[in-house]
Amino acid sequence: GVDADGDPMVIDDAEAVTSVTKTLTGALVMQLVDEGLVDLDAPMTSIPGAGDLSADTPITIRQLLNHSSGLAPYQAPPGYDPSATLDPVAAVQLSLATDLQWAPGSTAGYSNSGFLALGLIIEAATGQSYEAALTERILDPFWLTETAVDTTPRLGWIGDSAGGVSSSVEDLATWGAHLYRDGDVVAPASLVEMTTIDAALYSGLGTFPVCPCQPGEPGIVSALSYGHNGGAVTLQFSPGDGFVIAAGFSESFWLGGFGQADVYEFLAEVRRVVGG
């Protein structure tokens, strides 16, 4: 396709990957779990630097990762101003200013606020900014030279640990290979945690399946591939054939006639051509 200026898209050009950022944030969190710096299932009654949760409804890091915490979107409270710029602390404070949407763990609903909260947890555990922790722990060790956190202020929206990374398709494929295929980013047990798709929530930890899915072991589902979509970017791994596929498109598949079904058809065609 073509980019926003009408120029041909190039494989090593960096573009906003929006929610594919969550694969990086999820891996950062699981590294901290591996190191004993955070507890995946310990009840939390506060988000570092942002404020307290009700003591009657604590949430866990696992629930933030699988979108089941019930933390309200930061756009929901009356104090949200779409004409103002936000930082992660302010956004999470807005989320904490209203009631949880449901009992934590009872259901799932896609939550950028939850991943912004995870960014604050990463910062508290490492003593670094999200950007510095990501660079030191993932971008530099795995030679993701075209990948960075875009810190440009935007009105009414904050990317950061929920969707603020820019990367190239080439870097995304490299990242997917390290994380999903080669398993050299987090401990094996943590990778299993990330990629196990809960049958009730249809989510892993920072990971979603490509469905239709099949029943797996009790309480989980088996998917042809898993990974994450962004606005116009996808990163997927197929455990059955070992394919890592990263792709950037010239239009969002959330806003118009081009949809996720088209992306999945594209992924199937890539597998057919490459796999024979």
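Beta carbons within 10 angstrom, averaged per residue: use that to sort the peptides 192-201, 56-65, highest first.
Result, highest mean Cβ count within 10 Å first: 56-65, 192-201.
Kindly express, to the nearest 10 degrees and within the range 0 to 90, the angle between helix 260-275's C-alpha long axis and the longest C-alpha principal axis of the chain.
Taking the Cα atoms of the chain, the angle to 260-275 is about 40 degrees.
Relative contact order for region 11-168: what percent, with Cα pairs under 8 Å and sequence separation of 6 or more?
34
Any idea how far the Cα center of region 142-157 sits from the one of region 24-55, in Å?
For region 142-157 versus region 24-55, the Cα centre distance is 22 Å.
Measure nothing but the geometry: give the 0 to 90° angle between the long axis through the Cα atoms of 21-34 and the longest principal axis through the Cα atoms of the chain, rounded to 10°.
For 21-34 against the chain, the angle is about 60 degrees.
Which one of Pro218, Val233, Val186 has its Cα pushed farthest toward the positive end of the charge dipole of region 128-276, where Lys and Arg give +1 and Asp and Glu give -1 at the Cβ?
After comparing all options, I get Pro218.
Just the accessible area per residue of the chain, please: how many Å² with a 1.4 Å probe?
Averaged over the residues of the chain, the accessible area is 44 Å².
In percent, how large is the relative contact order of the chain, given Cα pairs closer than 8 Å and 6 or more residues apart?
Details: 516 pairs, mean separation 59.7, N = 276.
Relative contact order here is 22 percent.
With +1 on each Lys and Arg Cβ and -1 on each Asp and Glu Cβ, how big is the dipole of region 96-185 about its Cα centre, in debye rounded to the nearest 20?
Here region 96-185 has a charge dipole of around 280 debye.
Ignoring ligands, DNA and RNA, what percent of the 1.4 Å accessible area of the chain is carbon and sulfur?
54
Give me a comma-separated list of calculated 3J(HN,Hα) values for region 65-80, in order, Karplus coefficients 6.51, -1.76, 1.60 applied at θ = phi - 60°, integers in Hz, x for any Gly or Pro.
These are the phi-based 3J(HN,Hα) values: 5, 9, 6, 10, 5, x, 4, 5, x, 5, 7, 7, x, x, x, 5 Hz.
Report the charge-dipole magnitude of the chain in Debye, nearest 20, computed about the Cα centre from +1 at each Lys and Arg Cβ and -1 at each Asp and Glu Cβ. Can you show the working numbers first?
Details: 7 positive and 34 negative charges, 135 e Å.
Dipole size: approximately 640 debye.
Mind listing P(r) for region 99-246? All alpha-carbon pairs, 5 Å bins, whole percents.
So the P(r) values, bin by bin, are 2, 8, 15, 21, 22, 17, 10, 5, 1.
The values are calculated or read from the model by the stated rules, or taken from the named source; none is laboratory data. Everything numeric in this text was worked out from a predicted model, so none of it was measured. Note: ideal-geometry Cβ built from the backbone for every residue, glycine included; neighbour counts use all protein chains shown. These area figures cover heavy atoms from the full protein model, side chains too; ligands, DNA and RNA do not enter into them. Shrake-Rupley method; radii C 1.70, N 1.55, O 1.52, S 1.80 Å.
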